[in-house]
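Structure record follows, encoded as structure tokens.
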Amino acid sequence: MSNPTIRVGVLVFPGSNCDRDCHEAVTEVLGARADFIWHKDPTLPPLDAVIIPGGFSYGDYLRTGAIARFSPVMAAVTRFAESGGLVLGICNGFQILLEAGLLPGAMLRNRSLSFICKDIHVRIENTASPFTSRCRPGQVLTLPIAHGEGNYYADPATLSTLKAKNQIVFRYCTKDGAVTPEANPNGSLDNIGGIANETGNVLGMMPHPERCADALLGNEDGRLILLSLLDAVKSRKPALATT
């Protein structure tokens, strides 16, 4: 179903390498308009959502997302998020959101100190999120990961808050939904694979839903994340609800 009046911005940094994947998913899977937003742009055009894609922004110098956080576009994204705009950060995008302070916590090197690229399983912990409304509580999705720094860390007080406010959206698990140390691919605290901010409009996740949103790719589990985002946008535009 085409939704050309829905407009999604896909950020592009030096070193981004999943921007075109996200663009393809937005246009071909969601039928929406997608615009590339260059990292030096100080303002955003009128948008319904922003996706910060994966890759190696600025070559991951200093640490992942540390330089991208100071790009002019991130000030605009921060204003967009603070006004309630929907922001999805995928992999390096999650890392950038952490560095920018839009999400709590930090990323460490993978427990193995090696880059990991494989399919993993995540359990849906929060279906009230604008990004998971099409999922069932406890549903297990198979999604690909590809990162060297996906080991999420937060201090005990922050972790307690994340749990209390239902901000943990994904946990790494077995294919049967068991959250175990063995199912944790990177050593992430409490098997966390993705979190939202307190108001729920900003989500950071390490797995790549855009890489498994089309049947041609052999897996469509990521489609649920993208279609949930589309539903959230449409709910803010009632005229689109019946189109």
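The values are calculated or read from the model by the stated rules, or taken from the named source; none is laboratory data. Quantities reported herein were computed from a predicted structural model and do not represent experimental measurements. Here Cβ is always computed from backbone atoms with ideal geometry, including for glycine, and neighbour counts include all displayed protein chains.
Table: residues versus (1) buried (at least 22 other Cβ atoms within 10 Å of the Cβ); (2) not in a loop (DSSP other than H, G, I, E, B).
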{"position": "Arg7", "(1), (2)": "no, yes"}
{"position": "Leu11", "(1), (2)": "yes, yes"}
{"position": "Pro14", "(1), (2)": "no, no"}
{"position": "Glu24", "(1), (2)": "no, yes"}
{"position": "Thr27", "(1), (2)": "no, yes"}
{"position": "Asp35", "(1), (2)": "no, yes"}
{"position": "Lys40", "(1), (2)": "no, no"}
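When Asn201, Asn219, Asn191 are checked against the criterion of being surrounded by 19 or more Cβ atoms within 10 Å (Cβ to Cβ) and either of a type in the set (D, E, K, R) or more than 13 Å from the chain's Cα centre (by Cα) (or both), Asn191 stands alone in meeting it. Could you list all residues from the range 127-139 that are crowded, with 19+ Cβ neighbours inside 10 Å and either more than 15 Å from the chain's Cα centre (by Cα) or among the acidic types (Asp, Glu) (or both)? The answer is Cys135, and nothing else.
Evaluate the following for Lys237: is it farther than 18 Å from Arg123 by Cα and surrounded by fewer than 22 Cβ atoms within 10 Å (Cβ to Cβ)? For Lys237, the condition - farther than 18 Å from Arg123 by Cα and surrounded by fewer than 22 Cβ atoms within 10 Å (Cβ to Cβ) - is met.
Go through the residues of the range 114-126 one by one and say whether even a single one is outside any helix (DSSP H, G or I), among the basic types (Lys, Arg) and within 21 Å of Cys22 (Cα to Cα). Within the range 114-126, one or more residues are outside any helix (DSSP H, G or I), among the basic types (Lys, Arg) and within 21 Å of Cys22 (Cα to Cα).
Test of understanding: among Leu103, Leu162, Leu143, Leu88, which residue is under 25 Å from Asp60 (Cα atoms), outside any strand (DSSP E or B) and not polar (S, T, N, Q)? That would be Leu103, the only listed residue that is under 25 Å from Asp60 (Cα atoms), outside any strand (DSSP E or B) and not polar (S, T, N, Q).
Is it fair to say Phe94 is within 13 Å of Asn151 (Cα to Cα), at pLDDT 95 or above and part of a helix (DSSP H, G or I)? For Phe94, the condition - within 13 Å of Asn151 (Cα to Cα), at pLDDT 95 or above and part of a helix (DSSP H, G or I) - is met. Would it be correct to say that Ser129 is in contact with a Leu (Cβ under 7 Å, 6 or more places away or on another chain), touching a residue at least 12 places away in the same chain (Cβ under 8 Å) and part of a loop (DSSP other than H, G, I, E, B)? Against the criterion (in contact with a Leu (Cβ under 7 Å, 6 or more places away or on another chain), touching a residue at least 12 places away in the same chain (Cβ under 8 Å) and part of a loop (DSSP other than H, G, I, E, B)), Ser129 qualifies. All conditions but one from (1) part of a helix (DSSP H, G or I); (2) charged (D, E, K, R); (3) in contact (Cβ under 8 Å) with a residue 12 or more places away in the chain; (4) surrounded by fewer than 16 Cβ atoms within 10 Å (Cβ to Cβ) apply to Lys175; the one that does not is (1). Within the range 52-75, the set of residues being surrounded by 21 or more Cβ atoms within 10 Å (Cβ to Cβ) and either more than 18 Å from Phe94 (Cβ to Cβ) or touching a residue at least 60 places away in the same chain (Cβ under 8 Å) (or both) comprises Pro53, Gly54, Thr64, Val73. Reported count of residues in the range 201-219, each being without any contact (Cβ under 8 Å) to a residue 12 or more places away in the chain and in a loop (DSSP other than H, G, I, E, B), is 1.
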